[in-house]
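Just so you know, all these numbers are worked out from the coordinates, no wet-lab data involved. Keep in mind that this is a model prediction, so the values were computed, not measured. Here the Cβ positions follow ideal geometry from the backbone for every residue, glycine too, while neighbour counts run over all protein chains shown.
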There are 2 protein chains.
Amino acid sequence: MNRFVSNITLRLDSKGRVSIPASFRTVLGRDGFEGLYCYPALDRPAIDAGGNALMLEIEALIERFTPFSEEREQFALALYGTSETLKVDGEGRVVLSDTLKRHAGITDAVTFVGLGHKFQIWEPGRFHNELAEATQKVRALKVELSSQVAARTASGARE
Amino acid sequence: MNRFVSNITLRLDSKGRVSIPASFRTVLGRDGFEGLYCYPALDRPAIDAGGNALMLEIEALIERFTPFSEEREQFALALYGTSETLKVDGEGRVVLSDTLKRHAGITDAVTFVGLGHKFQIWEPGRFHNELAEATQKVRALKVELSSQVAARTASGARE
DNA sequence: GTCGATTCCATTGACGCCCATAATTTCCCA
DNA sequence: TGGGAAATTATGGGCGTCAATGGAATCGAC
């Protein structure tokens, strides 16, 4: 498997360490990246995390702008400037920086959530709320989609 | 890691010395450059800093203009003319020149901010403001991007 | 000699690295 | 198919090293 999937909740120890779930570790290993690349998610109280794949995505976003341009500098500041590469110890654990923990409201436990090419780290309570909300949205969207398909089919549209 | 990422705030000591964050030092070491190449950022109260990679980028920028053109002379003046190579002591510290400190409004503490191929040095307070602003811009762009994609999908356009 | 600058040690707290243990899970073979 | 052995995972803790910082000592110039 080369995608991050499912969600796992784990506790931080007294030193603030937390194990990266084994299934995520194997994906990261395949990606080939020393450490864990992460940054505060832009529009949610969560941490985005991953390996080379994630970093390249950020790089691509920034390099769309010409060097020394206003936008480029601002994007680099907001993205690279808030990114961190956490060290992973021999047992596959990381310690989250205070900045990251504050952003996500993390205290003594976290939920790892697979999102395909990257994963997120949440405070467990917030994650459950977010999940419930997202599930609602997806249900609604699904209904909408199926009615669209039905309409298109009915009108004889071809794809 | 061969990129400058994350942000670290450190204090100047009584002699005006400040440690370059260890993670940045390793990147500079890999880049292979004695000292720290820096100059006042063109349009911000910050200091641009880096090694060979940064120097090459500036060179490329200037050489895009035709020789002896007005723009070329001005860029060369603004960038080369204001650049300094700071010495790094045995403990990885540098002393910022008064010119640089004045430009960035630095007094007793600085924030190092990774921007990928280079990094910037800010007065901590100003950095926080700038970061908030930049984050807003990135969020806005993200919304814009996703709505573009949504619109394209909804209209049934094929790539 | 005096002032400034640069090089060289000293401290302390955090962090990386190592080993231990318990609870699973996986695997294998009767 | 069941039951146990082996491997893996999550977690706890000890200890040495390094980073950040402060201060002393050395060097140079005037």
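The table below gives the values:
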read-out	value
Breaking point among (1) crowded, with 22+ Cβ neighbours inside 10 Å; (2) within 24 Å of B:HIS128 (Cα to Cα); (3) more than 14 Å from chain B (Cβ to nearest Cβ); (4) not aliphatic (A, V, I, L, M), for A:PHE112	(2)
Matching residues in the range A:86-99 - criterion: being away from DNA strand D (no atom under 14 Å from the Cβ) and touching a helix residue (DSSP H, G or I) at 6+ places or on another chain (Cβ under 9 Å)	A:LEU86, A:THR99
Qualifying residues in the range A:6-49 (those that are within 14 Å of chain B (Cβ to nearest Cβ) and at positive phi) - the one surrounded by the fewest Cβ atoms within 10 Å (Cβ to Cβ)	A:GLY32
Evaluation of A:GLU130 against (1) surrounded by 12 or more Cβ atoms within 10 Å (Cβ to Cβ); (2) touching an Asp or Glu at 6+ places or on another chain (Cβ under 8 Å) (one fails), failing number	(2)
Among the candidates B:THR85, B:THR107, B:THR66, residue that is more than 12 Å from chain A (Cβ to nearest Cβ), touching a Phe, Trp or Tyr at 6+ places or on another chain (Cβ under 6 Å) and among the hydroxyl-bearing types (Ser, Thr, Tyr)	B:THR85
Test: residue in the range A:81-97 that is away from DNA strand C (no atom under 16 Å from the Cβ) and either surrounded by 15 or more Cβ atoms within 10 Å (Cβ to Cβ) or more than 26 Å from B:SER23 (Cβ to Cβ) (or both)	yes
Number of the condition not met by B:ALA60 [criteria: (1) on the phi < 0 side of the Ramachandran plot; (2) more than 16 Å from DNA strand C (Cβ to nearest atom); (3) among the hydrophobic types (A, V, I, L, M, F, W, C); (4) not in a helix (DSSP H, G or I)]	(4)
